[in-house]
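Reviewing the structure listed below.
The values are calculated or read from the model by the stated rules, or taken from the named source; none is laboratory data. Owing to the predicted nature of the structure, the values given are computational and were not obtained by experimental measurement. Every residue, glycine among them, receives a Cβ derived from its backbone with ideal geometry; neighbour counts consider all protein chains shown.
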Amino acid sequence: MADLSRATDSARLVLRWARRYARSPGRGLAPSIAVLHATLDVPWCVAAQALTALGVGPEAISSQTRAAATTTDPEGFDAPSAGAAEATRRESPYLGTEHLLMGLVRDPNTGAARVLSACGVTADQVDAAVAACQSGPRPPLMWRARAALIWRDLRWLAGAATDPTPRSPG
């Protein structure tokens, strides 16, 4: 397991929700695909903005996950470690959602890489979209959406909500 001491708050939130999505009864998502779902559920993060710029949304991920014959990850695959390796490769002082995303798509054997490939997205396109999101002006934080997502997370922690299905904030 990777050292998450240098992970951003958004990366920690994505990983926390991904664990929840992967363990949900009846879903059984591969960890890398759960990270994709969780990433799109945190719209202010760089990875979600990059995926949105590529035209990949929650509906596309869900439909391609259902259509994929195999949605497993290689044995021993660990999304946080793959993200940390990507952050180290890029000489980044932090571990962000963009590093998690790039760590997922670098290995073509992960479920996330196969799902994104089925959506017509390559690792090079993800890399370019991440770079564009990082170099361009940052959109204003979506406080309403962020508050809704944090509220939902708090309700899950308190046990008030039992349905971990990713939803768009509204």
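Some values worked out for this structure:
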| read-out | value |
| --- | --- |
| Residue in the stretch 15-62 that is surrounded by the most Cβ atoms within 10 Å (Cβ to Cβ), counting only those that are over 26 Å from S5 (Cβ atoms) and of a type in the set (S, T, N, Q) | S62 |
| Check on T97, within 17 Å of W17 (Cβ to Cβ), surrounded by 22 or more Cβ atoms within 10 Å (Cβ to Cβ) and of a type outside the set (D, E, K, R) | yes |
| Residue that is among the charged types (D, E, K, R) and at pLDDT 80 or above, where the choices are R19, R66, R27 | R19 |
| Pairs with Cβ under 8 Å, 6+ apart, first in the stretch 1-21 and outside any helix (DSSP H, G or I), second charged (D, E, K, R) | M1/D78; A2/D78; L4/R12 |
| S10, sole failed condition from (1) of a type in the set (S, T, Y); (2) in contact with a Leu (Cβ under 8 Å, 6 or more places away or on another chain); (3) surrounded by fewer than 24 Cβ atoms within 10 Å (Cβ to Cβ) | (2) |
| Residue match in the stretch 61-68 (condition: among the hydrophobic types (A, V, I, L, M, F, W, C), in contact with an Asp or Glu (Cβ under 8 Å, 6 or more places away or on another chain) and within 27 Å of I150 (Cβ to Cβ)) | no |
| Verdict on R106 being within 15 Å of the chain's Cα centre (by Cα) and basic (K, R) | yes |
| Residues being in contact with an Asp or Glu (Cβ under 7 Å, 6 or more places away or on another chain) and acidic (D, E) - total across the stretch 6-59 | 0 |
| Residues located in the stretch 120-134, provided they are surrounded by fewer than 16 Cβ atoms within 10 Å (Cβ to Cβ) and either among the basic types (K, R) or within 22 Å of A34 (Cβ to Cβ) (or both) | G120, T122 |
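Condition check ((1) at pLDDT below 85; (2) closer than 20 Å to T65 by Cβ; (3) in contact with a helix residue (DSSP H, G or I) (Cβ under 7 Å, 6 or more places away or on another chain)) across all residues:
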position: S81; (1), (2), (3): no, no, no
position: E86; (1), (2), (3): no, no, yes
position: L100; (1), (2), (3): no, yes, yes
position: G103; (1), (2), (3): no, yes, yes
position: L116; (1), (2), (3): no, yes, yes
position: L154; (1), (2), (3): yes, no, no
position: A160; (1), (2), (3): yes, no, no
position: P166; (1), (2), (3): yes, yes, yes
